[in-house]
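K.L.:
Right, I'll just put the structure down here and ask away after.
Derivation of every value follows stated rules applied to the coordinates shown; laboratory data play no part. Being a predicted model, the structure only gives us computed values, none of them experimental. Positions of Cβ are backbone-derived with ideal geometry, glycine not excepted, and every protein chain shown enters the neighbour counts.
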There are 2 protein chains.
Amino acid sequence: MERKVSLKDIAQKVGVSTALVSYVLNNKRENRVSKELAQRIREVAAGMNYRINQVARSLKTNKTFTIGLIVSDIANPFFSALARIIEDEAEQHQYTVIFSSSDENAAKNGKLIDTLLDRQVDGLILSPPAFCEDQVIRLQQQQVPFVLVDRYFPDLKTNYVALDNYGAAFKAVEHLIESGCKRIGMLTYDTELFHLQERKRGYVAALKQHKLPATKSLLKEVNIRVEQPAIEKAIHQLLSGPEPVDGLLFAANNLALAGLRYIRTLPVHIPRDLRIVNFDETEALDFYPAPFAYIQQPLGELGRLATRLLLESINQRPATTQINLDGQLVLKSPMPF
Amino acid sequence: MERKVSLKDIAQKVGVSTALVSYVLNNKRENRVSKELAQRIREVAAGMNYRINQVARSLKTNKTFTIGLIVSDIANPFFSALARIIEDEAEQHQYTVIFSSSDENAAKNGKLIDTLLDRQVDGLILSPPAFCEDQVIRLQQQQVPFVLVDRYFPDLKTNYVALDNYGAAFKAVEHLIESGCKRIGMLTYDTELFHLQERKRGYVAALKQHKLPATKSLLKEVNIRVEQPAIEKAIHQLLSGPEPVDGLLFAANNLALAGLRYIRTLPVHIPRDLRIVNFDETEALDFYPAPFAYIQQPLGELGRLATRLLLESINQRPATTQINLDGQLVLKSPMPF
DNA sequence: CTGAAAGCGCTTACAG
DNA sequence: CTGAAAGCGCTTACAG
């Protein structure tokens, strides 16, 4: 790139100090310079196409107006939608966003945090994988402003914005019960991820409160490195035997997708034989030929609140804020024909 | 945040100059210092949890190891998938990615470019909206390394990686012709976006080559601020009248989605009455209850080549490279039952 | 060979 | 009130 115009170049041309140019262009201490001189400086700056070097400013001010965003995978529609909301909210405050994908890998997540901090981001928005407590604790010790989003660690007193996953799962199961289901199964990932633990807890609690069976055989957990065969096997087990389930809660998007794809091939009628509730909206089921319900997350609020909370932490370092938003149960009928 | 450890702190503790610490930690000119001293410096640095301040380094080296990515909307699955590929490729070379969404708005795109350049990104990957030629020309004049992806401007000699949209549309139409279609319509956006112009050109060329009608009434163009009613009206026109179309090419993802949703409600049988080809894969049609074909873009190649090309431009400033990749025609049958 | 100094492009506390 | 100087945390050309 060709050499850029600096404050010094403007100062020389106008015949003043770089300091004065800086004051004028930043609209600071306007009173120290005559309107005419200020005007002249601005004109020369514009004429030379001056653009500030944010890197130099950042070094001096110790502020980059950049936030780091780490999600598990930016290609996942849930996270890319979230990223977009964060981008827009950040932009309104002159912040830009660096993003990274952790792939649910704690070690990678740690490296990404370091990389972002090396780049002096002003704060972080994280949707952390399991087993990252130590990283989060270190951030706290270093007093790095950050907000967890979607996931959080119940034992750590950190800012977070997430769904009330317990309540949402509870609500989902109650919907199945009200629809007449008597044996309700759940398919989830075998993981420590707190939000999925909460969904499990909500599922079990709802069953118990309504005096329905909550046995081990109704709850299937598959490895998070999704494999279609494992999911199919789990569903097969739930649907076969003398007492097949008549209601099924999928704890996550990808599980629902894989599961419903499989169920579509079985001689099982939805909703007569089986009723379904998923977590999260997904375009992929837009044309699913049977009715189901899903828990819709307030994505806009999630992203906006997380961003605002982060900016507040950066600027004022307020008390810890923990927000659990309500999910909404949405009923979806197949497209008309 | 607490004050960070700097090279100076390490230098003082070890009793050497900051210069030497810098040399050692960067593994440069190793010969100028004894193995023992180097070892000691490294130990002290590690002991103090030293992390480099990239902002300071960037100011000095004039390199940020950051690339700016501007797409029309990061929440669009096509672009978030692309972003993920770019992220991974960039990461392998120690680059991070700042992303922004232009919303197909040329003015916004211009502002985003300025913001990214102010932040001294080493280069840009852009999927530009229409009417951005002037911005692109300015980048060339300023000798900013950049690569256009997905879209480009035929009259500008810039790096780009894109689909051969003309060829892909041609292929799509030939597929319909081979399947027996005699009256083939197209639904596209009313836009100057070059890639869509190319698709239109391919559509028309294929029809002419096969001596099929290519009349104005077969080609429908709707405003890019997608509105379902306008799309429905256009499709209705194509399918009604004395000579309804028996083949239909959707020029973009969103059009196909809206269009197929509508067609699903009509007494039109696919493929008996109407055959369909779309552009781009989309999960949303996973369960569409009728067969169709689509043009699959080599997304991985697109992203990887764009990133590599950009890194080459940054490091060596080679000749302009223009790449048009082939799309693949994929046939999709409805899920089994 | 090696150390100390200059300088990247800004901001702002401080001396006059 | 205003100008010139110091300094953010690095890298590296250069003097010795």
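K.L.:
Whose amide H sits under 5 Å from the amide H of B:Thr321, counting only residues 5 or more places off or on another chain, with H placed in the peptide plane?
P.N.:
Excluding prolines and chain starts, which carry no amide H, the hits are B:Asn159, B:Tyr160.
K.L.:
Placing unit charges on C-beta atoms (Lys and Arg positive, Asp and Glu negative, everything else neutral), compute the dipole magnitude of the protein assembly as shown about its Cα centre in debye, rounded to 20.
P.N.:
Taking the Cα centre of the protein assembly as shown as origin, the dipole is about 1860 debye.
K.L.:
Show the residues, 5+ positions off or on another chain, whose built amide H is closer than 5 Å to the amide H of A:Ile276.
P.N.:
When sequence neighbours closer than 5 places are left aside, the close amide H contacts are A:Leu248, A:Ala293.
K.L.:
Which one, B:Thr158, B:Ala19, B:Leu193, is farthest towards the positive end of the dipole of the protein assembly as shown when Lys and Arg carry +1 and Asp and Glu -1 on their Cβ?
P.N.:
Result: B:Ala19, furthest along the dipole toward the positive end.
K.L.:
What does the C-alpha gyration tensor say about the overall shape of chain B? Classify as rounded when a/c is under 1.5, otherwise prolate if a/b is larger than b/c, or oblate.
P.N.:
Prolate shape, in that a/c is at least 1.5 and a/b is the bigger ratio.
K.L.:
Which of rounded, prolate or oblate describes the protein assembly as shown when judged by the alpha-carbon gyration tensor and an a/c cut-off of 1.5?
P.N.:
Since a/c reaches 1.5 but b/c is at least a/b, the shape of the protein assembly as shown is classed as oblate.
K.L.:
What are the residues whose amide H is under 5 Å from the amide H of B:Glu281, where those residues sit 5 or more places off or on another chain and H is modelled from the backbone?
P.N.:
B:Gln297
K.L.:
Net charge near B:Leu285: determine it from the other residues with C-beta under 12 Å of the C-beta of B:Leu285, scoring Lys and Arg +1 and Asp and Glu -1.
P.N.:
Every neighbour counted, the sum reads -3.
K.L.:
Starting from the Cα gyration tensor of the range B:7-52, multiply each eigenvalue by 5, take the square root, and state the resulting semi-axes largest first in whole Å.
P.N.:
Values for the range B:7-52, descending: 15, 10, 10 Å.
K.L.:
Return the calculated 222 nm mean residue ellipticity for chain B, to the nearest 500 deg cm²/dmol, obtained by summing -39500 (n - 2.57) across DSSP H runs with n ≥ 4 and dividing by the residue count.
P.N.:
-13500 deg cm²/dmol
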